[in-house]
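Let me begin by presenting the structure, written as structure tokens, before commenting on it.
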Amino acid sequence: MYDSFSVLVGGKAGDGINEAGALIARLMDRLGYRVYVEVDYPSLIRGGHNFATVRCSADKVACRTEELDVVMALNDETVERHGERLADGGTLVIDAGGENGGDDAGGEDAGGADSKATTAGSAGRVVMGVPLGDILKELKAPPVMRNTCLLGAFCKIAGVPWEALEETIRAHIPRKIEQNLEVARRGYDTAEQRTTLPALDLPHLPVITGNEAVGLGLIRGGCSAYVAYPMSPSSGLLHFMAEVADRCQLKVVHPENEIAVMLMALGMASAGQRAGVGTAGGGFCLMVEGLSLAGQAELPITIMVAQRPGPSTGLPTYSCQTDLHFVLNAGQGEFPRVIVAPGNAEEAYYWSAVAMGLSWRYQVPSIVLTDKMLCECSFSLDLDALPDVPEYDVPLWDGASPYRRYALTGADGDAAKDADRGPDAAAADRHEDAAAERGTSAPEVEAARGDAAIGVSPLAFPPLPGEVVKIDSYEHDERGITTEDPAITVRMQDKRRSKWRGLEAEVEKLEAVAVGGDPEAATALLCWGSNGGVCGEVGDELGLRVVKPLVLSPFPAAHMERALDGVERLICVENNAGGQLLRLMRVNGFEADDAVRRYDGRTFAVEDLRAGIEEVLS
Amino acid sequence: MTRDAAEKQGRTQGSADVLTDAVNTWCPGCGDFGIQNAWKALVGMLAEEGIPRERIVVVAGIGCHAKIADYLNLNTFYAIHGRTVPVATGIKLANPELTVVAHAGDGDCYGEGLAHMLFAAKRNIDISLMVHNNGVYGLTTGQYTPTSPRGFRGKSTPHGSVEQPIDPLELALSGGATFIARSYTRGAERLKSAMRDAILHKGFSLVDILQVCATFNNLYTYYNERVADLDDNDPSSRDDALAHMREWTYGGEGRIGLGTFYRAEAETFDDAYRDIDAASVDREAAIREIVAEHL
């Protein structure tokens, strides 16, 4: 486990828990720490149990620990649920005043503080009472400022200079700054220092959520319109795009449902506008007819699908990895698609940009598969640590009349012009394609065939004087006019299918499978998406190789083969019950020896995963 | 038949022609021919109004009506059942300089895609919706639709539909549409001018076109006996519009008014997006600036 410091703030919905977590993250970021903030809340607006966990370290962290250094409780439930998680020497901060109008963090807490002190009091643990109610009353501050008061207490406990907190509050609290400072200062003065978190000599990094990173990546990829219907945990992306719409000149639309979302975005794409959409599994169900339309009509579109536990409404605000096969197979008919699965903010940025670029290069749908954990958690973002985002050209029409939206060019086009070829010739093409897919075609031949070999027709958009652009959801000829002709059907199917070859070649150029931990180790963890952080950390600790595909369609088989070279034992770690990555691996000829799975909607903590791996290895 | 094959046979029409060489498969007597014929004139009529044909985009759903996408030698998006309106909305938002005309069937747009029509009306997006309303699903060979009268005997309702038809005009009015008309595929001049007025109207326009399905629901006689021009209507009055809409409720007796029921001026949805210019932004700089705000 990396050397880190974890603090949990818990209370009811409406207590400003997420805000408190975010401010602690900003504070620690200001001191040079890399931070990770995980928010855990039920699907309701008031009440319930909310908590935010902030983990900070000199190392890049992207997961939580079970053990906590500080627990700050705005209610009893926080103490009950998380008090036991305190590390040796940890501090439990409770509301000691008990005057704070009707909240159960009042008198009961104060009364119960002794018993909790007993629980928490061993191994140098300390229960620290801060009279939040009294302080707020005295300063005539509203109840929501209890979290600011705790923030002050945290600052003192962690041995962080007051000035750092003052700067943080001034920079990030939008209203009533002076009153917040006063409240925080009282919390600071009341608490006792328990440790010293020194300022680190590391560059200060921005802290952003996965949703925001996906949004920035889409913008980097040329996105100029974002269309979405709200659905947890993807709504943050809609909110972010709406917020930055003016300065990024985005058209942000929130239509009547996800069906309209997808179809509007495809209408935009047909007119030349790069559109992104986002949703969770349930909304994606409604988008699927549009996804298939994108396949048939060869329209570029990038879709963020945020996973949350299902089936159906499931656990709306929790996390999982259960929609991989849904996105791989969604939509009637056969058509190529790109699926990327980032696991942290940098990956979310980079791969969202790549997904959009590939969509427009190949006129295919692309899916950025995320989850609640990635979408809503916050990470330190280091854009400079990323490779350059590849620039993908969009093949545009050269102006030679007539324009044919679905032109078969080059080698495929010659074949298409031979009207009498008949089905045998098409079958011969299919054999050739199959040979190419097996890798038996010489690379220079592939290169010479260029776009013709990858089934990409040049794009053009209305208005084009003297020409027409015809988009069609039916099988169609090169002009986009409906046909049921068997030979044309085969050619068009082959045209679309041949894009797989181009996509595979693009994926080969990317770091489509990341290898971490000890790259020489014979025992490897295989994971995807947001499990990358926790697997990387456990892999480092146990001396294991960590293999993580970032592209799931087209499956990066060659990368995977290299990544697994020398691996004798492979343990597949997933947040689902059925082993979805494992199934995909098997289809592609790879096998894992063991599996560690968590499917209670919660993320793996370092300790959980380590225990699971050790059990498998024992 | 491919264009190549057609070219060999010398049967293609020049690009100035409004129709493609796609083989027409509408039944003899189909009202859709009337709508297609209206387009032959409309292309010239719109050009006179400053809308050259290359700026027109026709969107169709799925159903007999939608074959018009293949037949018109214009920019087209042959979409999917029920989804003409969101596709048309997206095209208009992407490029407000385009004139976007959605064609839909009654099952398509009043059934499968009803919500989209209401929301397009609510937004007052500047697109036109031409509904080929024949009161029957033709391409799936004869089932009742949202505008079939109660008692309609179709393949899914052999004992007669037990539902009331909806009134799409009233729905569009309550949704907020700023141009609502009804027309009929008999009467070429009337149909052309209704479509033209709808297309030239700035805002969401609906033309409910009584289009007869000669094979599964031949209502020529029924319509011929009841249609009448709306010459006593004040289209600026919602009350007048509503009163005239209620004269005939898509079944039974009553005068079937043809013409413009309602017309109003209002800000359009696309106006709110018109000035957005993605090309004016240095994306990388904007990203760096936004990221810096998260420090």
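When you go through (1) small (Gly, Ala, Ser); (2) assigned to a loop (DSSP other than H, G, I, E, B); (3) within 14 Å of chain B (Cβ to nearest Cβ) one by one for A:Ser312, which number turns out not to apply?
Against the list (1) small (Gly, Ala, Ser); (2) assigned to a loop (DSSP other than H, G, I, E, B); (3) within 14 Å of chain B (Cβ to nearest Cβ), A:Ser312 comes up short only on (3).
Does A:Ser473 count as facing chain B (nearest Cβ under 7 Å) and touching a residue at least 24 places away in the same chain (Cβ under 8 Å)?
Yes.
Listed residues A:Ala521, A:Ala558; which is away from chain B (no Cβ under 13 Å) and surrounded by fewer than 18 Cβ atoms within 10 Å (Cβ to Cβ)?
Unique residue meeting the criteria: A:Ala558.
Yes/no matrix, rows are residues, columns are (1) at positive phi; (2) assigned to a helix (DSSP H, G or I); (3) more than 8 Å from chain B (Cβ to nearest Cβ):
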| position | (1), (2), (3) |
| --- | --- |
| A:Cys223 | no, no, yes |
| A:Pro230 | no, no, yes |
| A:Pro233 | no, no, yes |
| A:Leu238 | no, yes, yes |
| A:Ala242 | no, yes, yes |
| A:Ala260 | no, yes, no |
| A:Leu263 | no, yes, no |
| A:Leu266 | no, yes, no |
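With the requirement that a residue be of a type in the set (A, V, I, L, M, F, W, C), under 16 Å from the mean Cα position of the chain (by Cα) and at the interface with chain A (Cβ under 9 Å from one of its Cβ atoms), what does the stretch B:67-97 give you?
Residues satisfying the conditions are B:Ala69, B:Leu72, B:Leu74, B:Phe77, B:Ala79, B:Ile80, B:Val85, B:Val87, B:Ala88, B:Ile91.
Looking at B:Gly257, is it on the phi > 0 side of the Ramachandran plot and more than 14 Å from chain A (Cβ to nearest Cβ)?
Taking the combined requirement at face value, the residue does not satisfy it.
Step by step: first the residues of the stretch A:52-67, then only those that are outside any loop (DSSP other than H, G, I, E, B) and under 14 Å from A:Met373 (Cα atoms), then the one that is nearest to the chain's Cα centre (by Cα). Which residue is that?
Checking each candidate, the answer is A:Arg64.
This table checks each residue for (1) crowded, with 20+ Cβ neighbours inside 10 Å; (2) within 14 Å of chain B (Cβ to nearest Cβ); (3) in contact with a helix residue (DSSP H, G or I) (Cβ under 6 Å, 6 or more places away or on another chain); (4) in contact (Cβ under 8 Å) with a residue 12 or more places away in the chain.
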| position | (1), (2), (3), (4) |
| --- | --- |
| A:Gly455 | yes, no, yes, yes |
| A:Asp477 | yes, yes, yes, yes |
| A:Thr483 | yes, yes, no, no |
| A:Gln493 | no, no, no, yes |
| A:Arg497 | no, no, no, yes |
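Go through (1) over 18 Å from B:Asp32 (Cβ atoms); (2) outside any helix (DSSP H, G or I) for B:Ala172 and report which single condition fails.
With (1) over 18 Å from B:Asp32 (Cβ atoms); (2) outside any helix (DSSP H, G or I) applied to B:Ala172, the lone miss is (2).
Take B:Ala121 and decide whether it is closer than 14 Å to B:Phe204 by Cα, among the aliphatic types (A, V, I, L, M) and either assigned to a helix (DSSP H, G or I) or in contact with a Gly (Cβ under 6 Å, 6 or more places away or on another chain) (or both).
The answer is yes for B:Ala121.
Any residue in the stretch A:194-204 that is within 30 Å of A:Ser359 (Cβ to Cβ) and either within 14 Å of chain B (Cβ to nearest Cβ) or at pLDDT 95 or above (or both)?
no
Can you find, within the stretch A:532-544, the residue that is farthest from A:Arg55 (Cα to Cα) among those that are buried (at least 17 other Cβ atoms within 10 Å of the Cβ) and out of contact with any helix residue (DSSP H, G or I) (no Cβ under 8 Å at 6 or more places or on another chain)?
Across the stretch A:532-544, the extreme among qualifying residues is A:Gly539.
B:Asp270: buried (at least 18 other Cβ atoms within 10 Å of the Cβ), within 14 Å of another protein chain (Cβ to nearest Cβ) and touching a residue at least 60 places away in the same chain (Cβ under 8 Å), yes or no?
yes
Can you tell me which of (1) exposed (fewer than 13 other Cβ atoms within 10 Å of the Cβ); (2) hydroxyl-bearing (Ser, Thr, Tyr); (3) more than 14 Å from chain A (Cβ to nearest Cβ) is the one B:Ser280 doesn't meet?
(3)
From the list A:Leu581, A:Leu609, A:Leu525, pick out the single residue that is outside the structural domain of A:Val368 (by TED's automatic domain parsing) and assigned to a strand (DSSP E or B).
Every option except A:Leu525 fails the conditions.
Restricted to the stretch B:49-107, and to residues that are touching a His at 6+ places or on another chain (Cβ under 9 Å) and of a type in the set (Ser, Thr, Tyr), which residue is nearest to B:Phe204 (Cα to Cα)?
Among residues in the stretch B:49-107 that are touching a His at 6+ places or on another chain (Cβ under 9 Å) and of a type in the set (Ser, Thr, Tyr), the one nearest to B:Phe204 (Cα to Cα) is B:Thr89.
The values are calculated or read from the model by the stated rules, or taken from the named source; none is laboratory data. Bear in mind that the values here come from a model prediction, so they are computed numbers and not experimental data. We place every Cβ from the backbone using ideal geometry, glycine too, and count neighbours over all the protein chains shown.
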